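Everything below concerns the one structure shown next.
The values are calculated or read from the model by the stated rules, or taken from the named source; none is laboratory data. These numbers were taken from a predicted model, which means no experiment stands behind them. Backbone-built Cβ (ideal geometry, glycine too); neighbour counts: all protein chains shown. Only protein heavy atoms, including side chains, enter the accessible area calculation; ligands, DNA and RNA are left aside. Shrake-Rupley method; radii C 1.70, N 1.55, O 1.52, S 1.80 Å.
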Amino acid sequence: EFDIPVELIGDLKNDNSPIKCILLCTKANDSINALSSVWKRVTRSPCGDRSCRQNGSTIIILSNGALAIRDAIYENFGENSLVQSGIDIVLATTTHGAYKIDSDPREYYSRFRIMHAGEGSTFCTNAVFIDYCKFIGWDCSLLSDFEMTLMLWKKLAVNCVINPLTAIHGVKNGELLNCQFHYLGRSLDYVMNHILEEVSAVAMIDIESQFFECTLKS
């Protein structure tokens, strides 16, 4: 069990102290509003040059839908502006399990309590973040940008199979493979493979594009 110091943004509206690193763990549709609420506290590089990138804030996206969140950040705050300001947008993912604990209405902070429900592994493209994860004893690995993109697409593919099927049939993730479902005479395996094929076709466009970008930079 860990006690982690946090800031409640709503209680610190007048706080203008700079934030060097932001760990973004919101739902995808809350990410831009969350960043906007503290954007004035994000550190910019004084020289306005990519070479001074380390002087700007680091924003680590540790959320489901990280690829879409990254694109939304670029669209809302301007990719060129972020680069020139030395603000680094970093992708991360984890297989740790957690869930919210029932809150006590008498305790204001109890609504932020969570239970660490399962050990997993954490992956990131930022070496400093990985060093911190290792320091607290987590299993973690440093990935290249290309490796991270590939991993996040695989995670998305799994969610594209599991989320709709478990929701439609009212079962938990672990129960899905034990159920005998049929769709217009087709087996569950057929449906899952069909979903994966469609996701793969879309993923290949993005992955090939990033591969070419990495090749040009090397």
The stretch 54-155 shape via C-alpha gyration tensor axes, a/c threshold 1.5: prolate
Average projection area in nm² (convex hull over Cα atoms of the stretch 112-194, one quarter of hull surface): 7.9 nm²
Per residue, how much accessible surface does the stretch 77-163 expose to a 1.4 Å probe? Answer in Å², no decimals. 62 Å²
Quote the Stokes-Einstein diffusion coefficient, in whole µm² s⁻¹, for the stretch 85-134, based on the Kirkwood radius over alpha carbon pairs, a temperature of 4 °C and a viscosity of 1.567 mPa s. 96 µm²/s
Between R41 and E198, what length in nm is gained on full extension when 0.36 nm per residue of separation is reduced by their alpha carbon distance? 52.4 nm
If every Lys and Arg gets +1 and every Asp and Glu gets -1 at its Cβ, then about the Cα centre the stretch 61-193 yields a dipole, in debye to the nearest 20, of 380 debye
Under a crude label model (7 Å from the Cα following the beta-carbon direction), how far is D206 from I162 in nanometres? 1.8 nm
